[in-house]
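**Q** Here it is, the structure in full.
The values are calculated or read from the model by the stated rules, or taken from the named source; none is laboratory data. Everything numeric in this text was worked out from a predicted model, so none of it was measured. Quick reminder, even Gly has a Cβ in these numbers, built from the backbone with ideal geometry, and neighbours come from all protein chains shown. With ligands, DNA and RNA removed, areas are computed over all heavy atoms of the protein, side chains included. Shrake-Rupley method; radii C 1.70, N 1.55, O 1.52, S 1.80 Å.
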Amino acid sequence: ASGSGMLASRYPWRLTVPIPVGGRTLGEFYLFRAAPCCFTAEENERARGFASIFAVLLEQTRLRRQQARQREILVTIRKLAERLTGASRPEATAEIGVETCAEAFGSGMASLHLYQEQSQRLVMTAAFGLPVPFVTGNAHLALGVGACGQSAQRRTLIVVENVMADPDWKSTWHVAE
């Protein structure tokens, strides 16, 4: 707070211009002036011009990042398709898919449960990077129990922010620390 007071006393004249892109504001462009005089109409207009240039540059950067991400996704899909085509048995397709997803998200661990209507349970179909006791302890999950069972029952995304503190996660975690 004391720093902002000093800034205001040293630079009492400020010009703030929004940086608009497509009906939304990406940020603001600030100009500070120490001289005791207002910004002129011409300076205001030039500042708007710079804000427009910033908007174009920021939008181009965003689009380049989006394009790079889409390229990464396409490469991942191509690799997945090649691996799936070469799968020797049907079960291998689930294993390949789970491994590819784990790698794509950088998680190192993932699993896939499929719903079996007869038993009304989720059955572990494929796992990647998970310890064997976890896989065997979570081979069959009831609907509505734990994060996986709740997600399947509610048909919604479940996000567990802290696994160690989540009571629903603990109910299906069959592996000692």
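**Q** Could you please give the count of residues in segment 131-159 that are over 23 Å from residue 119 (Cα atoms) and open to solvent by less than 40 Å² (accessible area, probe 1.4 Å)?
**A** Qualifying residue count for the region: 0.
**Q** Restricted to segment 73-86, and to residues that are among the charged types (D, E, K, R) and surrounded by 11 or more Cβ atoms within 10 Å (Cβ to Cβ), which residue is farthest from the chain's Cα centre (by Cα)?
**A** Let us first name the residues in segment 73-86 that are among the charged types (D, E, K, R), namely 78-79, 82-83.
Still in the running and surrounded by 11 or more Cβ atoms within 10 Å (Cβ to Cβ): 79, 83.
On the way: 79: 22, 83: 26 Å.
Here the residue is 83.
**Q** Would you please list the contacts, defined by Cβ atoms under 6 Å and residues six or more apart or on different chains, that run from a residue in segment 59-86 that is closer than 18 Å to residue 102 by Cα and in a helix (DSSP H, G or I) to a residue that is open to solvent by less than 80 Å² (accessible area, probe 1.4 Å) and of a type outside the set (Phe, Trp, Tyr)?
**A** What qualifies is 76/104; 80/100; 83/96; 84/93; 84/96.
**Q** Suppose the filter is more than 27 Å from residue 106 (Cβ to Cβ) and in a helix (DSSP H, G or I); does residue 45 pass it? Write out each step before concluding.
**A** Details: more than 27 Å from residue 106 (Cβ to Cβ): yes; in a helix (DSSP H, G or I): yes.
Yes: the conditions hold for residue 45.
**Q** Based on this model, can you work out whether residue 26 counts as assigned to a helix (DSSP H, G or I) and either under 24 Å from the mean Cα position of the chain (by Cα) or modelled with pLDDT of 90 or more (or both)?
**A** no
**Q** Go over the candidates 142, 147, 126 one by one and state the one that is touching a residue at least 12 places away in the same chain (Cβ under 8 Å) and closer than 24 Å to residue 75 by Cβ. Break it down stepwise before answering.
**A** Numbers: 142 fails: closer than 24 Å to residue 75 by Cβ; 147 fails: closer than 24 Å to residue 75 by Cβ.
Unique residue meeting the criteria: 126.
**Q** Within segment 34-54, identify whether any single residue is more than 30 Å from residue 145 (Cβ to Cβ), charged (D, E, K, R), under 28 Å from the mean Cα position of the chain (by Cα) and open to solvent by 90 Å² or more (accessible area, probe 1.4 Å), and answer yes or no.
**A** Scanning segment 34-54 turns up no residue that is more than 30 Å from residue 145 (Cβ to Cβ), charged (D, E, K, R), under 28 Å from the mean Cα position of the chain (by Cα) and open to solvent by 90 Å² or more (accessible area, probe 1.4 Å).
**Q** Now, a different point. What's the number of the condition residue 124 fails, among (1) surrounded by 14 or more Cβ atoms within 10 Å (Cβ to Cβ); (2) under 25 Å from residue 154 (Cα atoms); (3) under 25 Å from the mean Cα position of the chain (by Cα)?
**A** (3)
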